[in-house]
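Participant: Shown below is the structure under consideration.
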Amino acid sequence: MERQVLEEQLKTVSQSLFYLTLIILSVLLSFWSVLIQREELEDLAAGKSPGAAPDVFPIKRSASVLVVGALGFFFCLSLRTCREAARGNDPAARQSAEMNVWASFFVLAAALIRLWDLGFMEAVQRAAAAEEERSEDRTPRPGGSAGGCGPFTA
């Protein structure tokens, strides 16, 4: 029986390491997206025209999805720990496990809100860019109408 418990604990620790690695990868992706944004700002501050930098939204989305997945695992782990603590006789362990469930829940909720907000802001910015592009197409050009062609252009 003790060997089975040790093997289960080893499996849990290995899974935890995997999900911690995903969180580290997420941090690296976030770092990369900030470097891209800094480079764009440096170019603008130097008076250079913006280059063809990668779109940071997919990078941020990937980082956020990795975090949500990892935090989902840790939330489930906290629930399991709480159930196990509820079967024991240690009120301090029970209370600590319950507090960890709440902490894990709030951290996961924050990550989900951030992921939703990221998707929302991406949609808003893409819509604004599309509207700006349509607006430019309707702007009258010297020697012609707004987007007209053929013999009817002024």
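Participant: Starting from 0.36 nm per residue, how many nanometres of slack lie between Ala45 and Arg114 once their C-alpha separation is accounted for?
Facilitator: Extending this stretch completely gives an extra 22.0 nm.
Participant: List every DSSP H helix in the chain whose Cα atoms extend 18 Å or more along the helix's own long axis and whose mean Kyte-Doolittle hydropathy is at least 0.0.
Facilitator: Membrane-span-like by this criterion, though nothing is claimed about a membrane: 2-45, 56-87.
Participant: What are the extents of the Cα atoms of the chain along their three principal axes, in Å, largest first?
Facilitator: Ordered largest first, the chain gives principal extents of 89, 28, 26 Å.
Participant: Between the range 1-64 and the range 82-128, what's the alpha-carbon centroid distance in Å?
Facilitator: Computed from Cα coordinates, the inter-centre distance equals 19 Å.
Participant: Applying 1/(1 + (r/R0)^6) with R0 = 30 Å to the Cβ-Cβ distance of Asp90 and Gln9, what FRET efficiency is obtained, to the nearest 0.05?
Facilitator: According to the calculation, E is roughly 0.95.
Participant: Can you pull the one-decimal nm distance between simple spin-label points at Ala103 and Gln125, each 7 Å off the Cα toward Cβ?
Facilitator: Label-label distance for Ala103 and Gln125, simple model: 3.3 nm.
Bear in mind that the values in this text are calculations on the coordinates, not laboratory data. Everything quoted here is computed from the prediction, not taken from an experiment. In this analysis, Cβ positions are derived from the backbone assuming ideal geometry, glycine residues included, and neighbour counts consider all displayed protein chains.
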